[in-house]
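The values are calculated or read from the model by the stated rules, or taken from the named source; none is laboratory data. Small disclaimer: the values here were computed from a predicted structure and weren't measured. Virtual Cβ from ideal backbone geometry, glycine too; neighbours counted across all protein chains shown.
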Amino acid sequence: MQTMPMKSRQSASPKTVSATGRPANATADETIHGAGLRMTEQRRAVFDALLGERDHPTAVDVFTRVRGRMPAISLATVYNCLDTLTACGLVKTVQLDRGPARYCPNLEEHAHFHCEACGTVLDLPLRTRRHPEDVWELPENLSISGHEVAFRGTCPRCARTKKSQK
């Protein structure tokens, strides 16, 4: 099933459930309300910043973007908003090596590609919908609660730049 980011303040009658456990057609507001919370102005601004540019920003990147529209917001508030959005299943945390956590609003099954030259993080959609046990040899009686796949290398832009410098 596909889960698409929803526009804010849409009404929907949830019938199906996504891989994140939330109704597939629930709006962000409904998802937050379902957790017993409010979609505050700060949460909305942070969520909109993530949806506006899907470049896997760090909390500091999000803070910089939101601060332009909301000068009084603090970095601690941005972290709290990101924690709430993650806990509610509206965004995913992406951890690459020892770098700062990045945030991804793409809730579809996908992997990430991390360019070692420029630091760009790209979404890599899956060609087929397979379960981890269909792809990897896993020990018997292993229970998987989640998985993350990340590739590293050089993105097309950096590869072109490197090629033109030769």
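Considering the conditions (1) surrounded by 10 or more Cβ atoms within 10 Å (Cβ to Cβ); (2) under 14 Å from the mean Cα position of the chain (by Cα), Ile144 is excluded by exactly one of them, (2).
Give the stretch 56-99 a look and list any residue that's part of a loop (DSSP other than H, G, I, E, B) and either among the small types (Gly, Ala, Ser) or surrounded by fewer than 16 Cβ atoms within 10 Å (Cβ to Cβ) (or both), or say none. Lay out the reasoning, then the answer.
Taking the stretch 56-99 as the starting set, the residues that turn out to be part of a loop (DSSP other than H, G, I, E, B) are 56-57, 68-74, 88-91, 95-99.
Result: Gly68, Arg69, Pro71, Ala72, Ser74, Gly89, Gln95, Asp97, Arg98, Gly99.
Does Thr120 satisfy the criteria of being touching a residue at least 40 places away in the same chain (Cβ under 8 Å) and either closer than 16 Å to Gly153 by Cα or touching a helix residue (DSSP H, G or I) at 6+ places or on another chain (Cβ under 6 Å) (or both)? Against the criterion (touching a residue at least 40 places away in the same chain (Cβ under 8 Å) and either closer than 16 Å to Gly153 by Cα or touching a helix residue (DSSP H, G or I) at 6+ places or on another chain (Cβ under 6 Å) (or both)), Thr120 qualifies.
If you check Glu116, Glu41, which single one turns out to be assigned by TED's automatic domain parsing to the domain that holds Thr161 and of a type in the set (Asp, Glu)? Before the answer, list the steps.
Details: Glu41 fails: assigned by TED's automatic domain parsing to the domain that holds Thr161.
Matching residue, one of Glu116, Glu41: Glu116.
Any residue at all in the stretch 133-143 that's at negative phi and in contact (Cβ under 8 Å) with a residue 12 or more places away in the chain? For the stretch 133-143, residues at negative phi and in contact (Cβ under 8 Å) with a residue 12 or more places away in the chain: absent.
Please determine whether any residue of the stretch 88-107 is hydroxyl-bearing (Ser, Thr, Tyr) and either closer than 19 Å to Ala45 by Cα or under 13 Å from the mean Cα position of the chain (by Cα) (or both). Full working, then the answer.
Step one: of the stretch 88-107, the residues hydroxyl-bearing (Ser, Thr, Tyr) are 93, 103.
With the extra rule that they be either closer than 19 Å to Ala45 by Cα or under 13 Å from the mean Cα position of the chain (by Cα) (or both), the set shrinks to 93, 103.
Scanning the stretch 88-107 turns up at least one residue that is hydroxyl-bearing (Ser, Thr, Tyr) and either closer than 19 Å to Ala45 by Cα or under 13 Å from the mean Cα position of the chain (by Cα) (or both).
So is Phe47 within 15 Å of Asn106 (Cα to Cα), at pLDDT 95 or above, buried (at least 20 other Cβ atoms within 10 Å of the Cβ) and out of contact with any Asp or Glu (no Cβ under 9 Å at 6 or more places or on another chain) or not? Judged against the criteria, Phe47 is a match. Any residue at all in the stretch 97-120 that is modelled with pLDDT under 90 and of a type in the set (A, V, I, L, M, F, W, C)? Looking through the stretch 97-120, at least one residue is modelled with pLDDT under 90 and of a type in the set (A, V, I, L, M, F, W, C).
So, in the stretch 69-94, exactly how many residues are touching a residue at least 12 places away in the same chain (Cβ under 8 Å) and in contact with a strand residue (DSSP E or B) (Cβ under 9 Å, 6 or more places away or on another chain)? Residues in the stretch 69-94 being touching a residue at least 12 places away in the same chain (Cβ under 8 Å) and in contact with a strand residue (DSSP E or B) (Cβ under 9 Å, 6 or more places away or on another chain): 6 in total. Among the residues of the stretch 152-166, the one identified as surrounded by fewer than 11 Cβ atoms within 10 Å (Cβ to Cβ) and closer than 23 Å to Leu96 by Cα is Pro156.
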